[in-house]
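Engineer: Structure below; questions to follow.
The values are calculated or read from the model by the stated rules, or taken from the named source; none is laboratory data. Keep in mind that what you see is a predicted model, and the values were worked out from it rather than measured. A quick note on method: Cβ atoms are made from the backbone with ideal geometry, for glycine too, and the neighbour counts reach across all protein chains shown.
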Amino acid sequence: MNAGPRRLEGARIVDRHPDNEADLLLHALQTGLRDYVRKNGFDQVVLGLSGGIDSALTATLAADSLGAESVRALAMPSEYSSAESLEDAADCAERLGVRMDTIAITPILNGYGLALGEALAGGPHGVTQENLQARIRGTLLMALSNECGGMVLATGNKSEYAVGYSTLYGDMAGGFAPIKDVPKTLVYELAAWRNNQPGGPAIPERTITKPPSAELRPDQKDTDSLPPYEELDPIIELYVEDDLGPDEIVTRGHPRATVERVRPARMAVSLADRMSIGPAPPALVPCRRRRHHAGRTPGRRA
């Protein structure tokens, strides 16, 4: 691989640094995304842009590899979305030069509440309401996909998918999942590396520095449900990549309470969900997971 600049079709010119792992991974993700989308006959991609780090990195990968004109983004705020998140989503879209439309989902969520009120004794609550928000967003993305002919990109990362911190038919909806096999801590590293490349930062600094949150309930943080990602990701790697059991992982220096919190039973349940996610770039796919062909003869889109 040459160290000089390399042009990606319809995309930005990005300097290649073949001795840097983050650069190599970014390039692999860009190549996998571009090849899968183009070889399956799509000219556009569609994704939700929330103001969070995962969707921002996914949007950046899409714009860099396909060109900004081939990317459509939807911001879908609810009453739990912070003003800062909506500002960050708009800022990211502007930096990338991609079109972003905004559809508030609160009226739709209220409609579900009215429809389900009698059956659910007053309406959806707790996790049911949280999952409804994600599924409303997935439905809106699929509607835009059907209308404009773009492939929906799922924006979840490996850490969340591995432990089931995601919603089937919601944020998992999509024909391709560019960062499906990228741990959350690596998502941050890739975002920081991309921001230091020529052309200026693509991802707002606040998106990188604020605590991660799904913003599905008031004051929600990922750490309400999960260990900090700095603790979670090494344990997932030992469970999934090295096939170690809880006792063996504890001997590697991880607290037993944290290891049990990320127990294999929870990860096994989430495996059924993972099989419903679109494929990921093969460069980061674990060897034990089924690989997917990069292209096929396009058929009827769902």
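Engineer: Return the residues of segment 245-259 that are under 12 Å from Pro234 (Cβ atoms) and assigned to a loop (DSSP other than H, G, I, E, B); say none if nothing qualifies.
Structural biologist: Selection gives Arg252, Gly253, His254, Pro255.
Engineer: For segment 3-51, what are the residues that are modelled with pLDDT of 90 or more, under 16 Å from Glu189 (Cβ atoms) and either under 13 Å from the mean Cα position of the chain (by Cα) or outside any helix (DSSP H, G or I) (or both)?
Structural biologist: Leu29
Engineer: Could you count how many residues in segment 213-228 are surrounded by fewer than 18 Cβ atoms within 10 Å (Cβ to Cβ) and either free of Cβ contacts under 8 Å to residues at least 12 places away in the same chain or assigned to a helix (DSSP H, G or I) (or both)?
Structural biologist: Residues in segment 213-228 being surrounded by fewer than 18 Cβ atoms within 10 Å (Cβ to Cβ) and either free of Cβ contacts under 8 Å to residues at least 12 places away in the same chain or assigned to a helix (DSSP H, G or I) (or both): 5 in total.
Engineer: Condition test on Ala90, is it hydrophobic (A, V, I, L, M, F, W, C), part of a loop (DSSP other than H, G, I, E, B) and free of Cβ contacts under 8 Å to residues at least 24 places away in the same chain?
Structural biologist: no
Engineer: Also, I was wondering about something else. If only one of Ala59, Ala73 is part of a strand (DSSP E or B), touching a strand residue (DSSP E or B) at 6+ places or on another chain (Cβ under 8 Å) and either hydroxyl-bearing (Ser, Thr, Tyr) or modelled with pLDDT of 95 or more (or both), which one is it?
Structural biologist: Among Ala59, Ala73, only Ala73 is part of a strand (DSSP E or B), touching a strand residue (DSSP E or B) at 6+ places or on another chain (Cβ under 8 Å) and either hydroxyl-bearing (Ser, Thr, Tyr) or modelled with pLDDT of 95 or more (or both).
Engineer: Are any residues in segment 85-110 on the phi > 0 side of the Ramachandran plot and either at pLDDT below 95 or acidic (Asp, Glu) (or both), and if so, which ones?
Structural biologist: none
Engineer: Does Glu231 qualify as being at pLDDT 90 or above, among the acidic types (Asp, Glu) and assigned to a helix (DSSP H, G or I)?
Structural biologist: Here the answer is yes, as Glu231 does meet what is asked.
Engineer: Something else about it: Check every one of the helices (runs of 4 or more DSSP H) wholly within segment 108-212 and list those with 2 or more residues that are in contact with a Gly (Cβ under 7 Å, 6 or more places away or on another chain).
Structural biologist: 126-148
Engineer: Still on this structure, I have one more. Among the residues of segment 171-207 satisfying the criterion of being closer than 20 Å to Leu47 by Cα and in contact with a strand residue (DSSP E or B) (Cβ under 8 Å, 6 or more places away or on another chain), which is surrounded by the fewest Cβ atoms within 10 Å (Cβ to Cβ)?
Structural biologist: Gly175
Engineer: Then there's this: Just a yes or no: is a residue in segment 115-128 touching a helix residue (DSSP H, G or I) at 6+ places or on another chain (Cβ under 8 Å) and surrounded by fewer than 17 Cβ atoms within 10 Å (Cβ to Cβ)?
Structural biologist: Yes; the residues of segment 115-128 include at least one that is touching a helix residue (DSSP H, G or I) at 6+ places or on another chain (Cβ under 8 Å) and surrounded by fewer than 17 Cβ atoms within 10 Å (Cβ to Cβ).
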